[in-house]
Every structure is written in structure tokens, then in C-alpha cells.
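Bear in mind these aren't lab numbers, they're just calculated from the coordinates by the rules spelled out. Because the structure is a prediction, the values reported are computed rather than measured. For neighbour counting, all protein chains shown are included, and Cβ atoms are generated from backbone atoms with ideal geometry for every residue, glycine included.
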Amino acid sequence: MIGTDPRNPFLSRVAARLRRSRPPNPHRPTSLIVERLPSGPLTRVWFNTAGCPEDKRGACTMCNYGAGGPTTGDEMVAQVEAAISGIAQPEGTLLVSPSGSLFDAREVPTAAALAILRLAAASGFGAILTETRPETLTASLVDQALEAVAGRAFGVELGLESSDQAVLNLCVNKIMRLADWRTALALLSSRGVPVTANVSLGTAFLSPAEAIDDAVATVLWALRHGSRDCAVFPLIVRDWTVLAHLWRRGRHEPPSLWSLVETLIRVGPDIARRVSISWYKDYDQERGGASADMTALAVPTTCPDCHAEVVRRLDSYRATGDFEVVAGLDAFTCPCHDSWRASLDGAQAPWTHRLPSAYEALGREVLGETWWAAHGSGVLDWLGVALGESGAQARGQPPVGPPSNASSRTAIRVNSPRSEW
Ligand code: SF4
Ligand SMILES: [Zn+2]
């Protein structure tokens, strides 16, 4: 049974506490990356804002796009204008994004969002792409956006992360219902706006095998429900996140690049044509490193002997979409490829069974023994109710089954948050 409140009050509290010590970075410069994709050149422009409002509420165990200072709408427009005017040859697609949500008026005033789209449309690029959370979209906003891009091809990336509501709520804390995502997709599709689903690989609390299962099932779910394509993100561990806390204590590793290859192999060549891979390397590192508020602590990798070659081949796949490159990587011989395969076979209780002890450790370490003594049993009761209908997992069956039309692969009852936490 799916409840109506997608918030995870425990993970929100933990993440908000971890982010408390993140240094603010009010003057982070606009970030610009140009790449060549099978569909043509892609220029990505991220502008600075005060940050994603959901980040401030403790959402998303993997995310840290930094904490900018107060930024006015005019300043945002000026940032984008300056970035675009510095592009010598605008061609292909322009992604323009605040890193959070363009259509969240708490982050980007609507007038500024529309002005930015008008600037993008006038810049000479053939297509405009942006990112937003699904619940920020309304019919009126989409219509205004289409008017702003004035006939240019326009697409929207919607963060999905996982098509399993239980994973979203209990592992990602995305603060989103799958139903919201599907509503946004239907709204955009009804106006001819294609959707790219952003999919996570390496979510907190999932084993490597579970993470691959989840990414594969999520890609299939998103495409079946009408996404034009998907982008799979093997998750980087950024500081001041729940992932970073788990990584520091040896309870999380970023996914191996072999897991990314396996995800592509599992979806197969036909579907992989609609799947891009993103941030399988640290782009910031290539540009001198991320700013202090977004430090990358660990990135998806293989071993030092093969890493450069694997990344070179993944670069080639990202640029060409040639599935032969993926097949070649699948057959690539390296001892680390063998040990990665062996690591997938380890017998382990499903994540739903491991979660109570993972929450307890997090609660004690981040919120403190006193807090846990006062609230720990309430947290575990809440979690128990959330997982209470997870009969398959309780019986020790794998948590991720074949994709279905159900709204959640793992049964879950989403409780109302407990205000006393
Ligand atoms: S993943 Fe998106 S919604 Fe979640 S904190 Fe990051 S920017 Fe905000
Ligand atoms: Zn290797």
C-alpha cells in the first residue's frame, strides 16, 4: 500500500544535520561543459542559486549540489547571459539548469526561469533542455516555457532515481511519489515535450547487485511509461551527504564502472540506444576540482591498471552510442573485473532486512546517543510499519522483481512523519 506522504523524517533529519557544516559558496561561478553525444554536441550550463529547497529540508541521500548564497532572479539571468555569450559556436543542444529545479519558484523565480529560457532560445542552439522536479510543473508553467522557447525543440530532465517507491522513500528520501513523476511526464508528453529520466546507480543501503537490479528496472519502467530516454548516473560520493557518511565508515562504496557496464548489458542494445551514461567520471576533477562545498570524496572506478582504458571506452560509448563498445567492455579482461563479478554473488539479506540496523547506526552516529535513546524505537517502529507489507522481502526473496505496472516493486506503507523527531 502506498501512503500519501513521501517524506522520510529520519533520513531528512540525518541529512540536514550532515549538511549543517557544509561551507556556503555564494560566489560559485557558472559551470559549463561541452561534449559530443550521438545526437550531436551538448553544452551544459549550470548557474548558481541559493540551492535546491529540498536539499535544505534534508532530501536525497546522494545529493550535494552545494549551498549558494542568496541570489536574485536578475543575477541568475545575468549568469546565464554571460555564459551563453562566451560560447563561440552554439550548436546542438543547450542544457541550462540551476542543478536543482528550474521551475521551483523557491529556487528560481518564475520570471527569471522564463527569461533564461528566452535567452537560451535566442542563443542559436537547436534544442533547449532543462531539469526540474516533477511536482514543480503545472500546465500553465509548461505552456509559458514553450512560449519562451519560441518553437525551439525543448526537453525536460526529470530526476527519477528509482522506480521503486520503497527505495525512493527509504533509501533516497527523494520526497517524491512515483505518481507525481508520471503526472509530470503525462503533462509534458501532452504538449509534445520529451522527458529524460535521470536514474541512479549505487543508491545508499543497496548492495552492488541490488543497485544494478534497481537501475535496470528503473530504466525499463521509465521507458515503458513514456520517457523518451534515460540517463544513468553512477553515484559520486560528495561530501556532506548521507552517502559520504556511510563511505567514511566503510559502509558504502561508489558503484564499480563494471556495474555501469553490466547495467547497459542487461538492458541490451535496443534499449541502450535510449540510455546515456552520465558522470561516470569526475568532470570537476578535469577542470581543477569541485568547489569546497561539493567535494567529491569517491568516484565510480575500476582498478588503477584498467581505469584509464575503461573510462576512455566509456567516453567513446557516450560520444557514439556504439553498443559494440559496451560488449567489448563486458569481455574486457582484468582481475578487478573478476573480483567485481565475485562480489555480486555474495549471499546477503535483502536491503529491506538490513535497513533497521543501518538506520540505527546512522541515528547513533549522526544524531547522537541521547537522541537515539529518546527516539530510536520510534524510528524503528516507523520503519517497521513502512516495511510491514513487504511480505516478499520478509520471506527473504529478492527485493527487485521483474518490472511490472505496479507503482512500487517493493511493497511499502508510507507513514506520516513523526513531528517529535
Ligand atoms: S537530487 Fe534534486 S531534489 Fe534531491 S536534493 Fe538534489 S537537487 Fe534537490
Ligand atoms: Zn582493472
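Applying a 4.7 Å Cβ-Cβ cutoff to the chain, the cysteines left without a disulfide-compatible partner are CYS52, CYS171, CYS230. Projecting label points 7 angstrom from Cα along Cα→Cβ for GLN144 and ALA111 puts them 1.1 nm apart.
Using a simple spin-label model with pseudo-atoms 7 Å out from Cα toward Cβ, ARG364 and GLN285 lie 3.4 nm apart.
Among the chymotrypsin sites (Phe, Trp or Tyr not before Pro) in the stretch 316-348, those located in a DSSP loop and surrounded by at most 16 other Cβ atoms within 10 Å of their own Cβ are PHE332.
Counted residue by residue at 0.36 nm each, then reduced by the alpha carbon distance between them, the extension gain from ALA308 to ARG57 reaches 86.6 nm. Springs join every pair of Cα atoms under 10 Å in this Gaussian network model of the chain, and among ASP293, ASP239, ASP381 the largest mean-square fluctuation is at ASP381.
Positive contributions from Lys and Arg (+1) and negative ones from Asp and Glu (-1), summed over other residues with Cβ under 11 Å from the Cβ of GLY376, come out at -2. Please build a GNM for the chain, connecting alpha carbons under 10 Å apart, and tell me which residue among ALA122, ALA16, ALA386 fluctuates the most. Among ALA122, ALA16, ALA386, the largest mean-square fluctuation in the Gaussian network model of the chain belongs to ALA122. For the stretch 229-269, trypsin sites (Lys or Arg not before Pro) are listed when DSSP marks them as loop and at most 12 other Cβ atoms sit within 10 Å of their Cβ; the list is ARG249.
Apply the membrane-span-like helix rule to the chain: whole DSSP H runs, Cα extent along the own long axis of at least 30 Å, mean Kyte-Doolittle hydropathy at least 1.6. List the helices found.
Working: long enough: none.
For the chain, where a helix must reach 30 Å along its axis and average at least 1.6, there are no hits.
Take the alpha-carbon positions of the chain, form their convex hull, and give its projected area averaged over all directions (one quarter of the hull surface) in nm².
On the way: hull surface 76.4 nm².
With the hull built on Cα positions only, its mean projection is 19.1 nm².
One chain, two ends: ALA331 and ALA82. Fully extended at 0.36 nm per residue, the span grows by 85.1 nm beyond their Cα-Cα distance.
Between the stretch 354-373 and the stretch 227-279, the C-alpha centres lie 27 angstrom from each other.
Using R0 = 51 Å, the C-beta based FRET efficiency linking ARG354 and ARG191 works out to 0.75.
For ALA122 and ASP270, calculate 0.36 nm times their separation in residues minus their Cα-Cα distance, and state this gained length in nm to one decimal. Working shown, then result.
Values: separation 148, 0.36 × 148 = 53.28 nm, distance 3.51 nm.
Gain in length upon complete extension: 49.8 nm.
With a cut-off of 14 Å between beta carbons, the residues surrounding ILE128 carry a summed charge of -1, where Lys and Arg count +1 and Asp and Glu -1.
Mind giving me the FRET efficiency for ARG251 and SER343? R0 is 25 Å, r the Cβ-Cβ distance, nearest 0.05 is fine. Before the final figure, lay out each step's value.
On the way: r = 15 Å, r/R0 = 0.60.
Given R0 = 25 Å and the Cβ-Cβ separation, E is 0.95.
Quotient of the Cα radius of gyration of the stretch 105-248 and 2.2 N^0.38 Å, N being its number of residues: 1.12.
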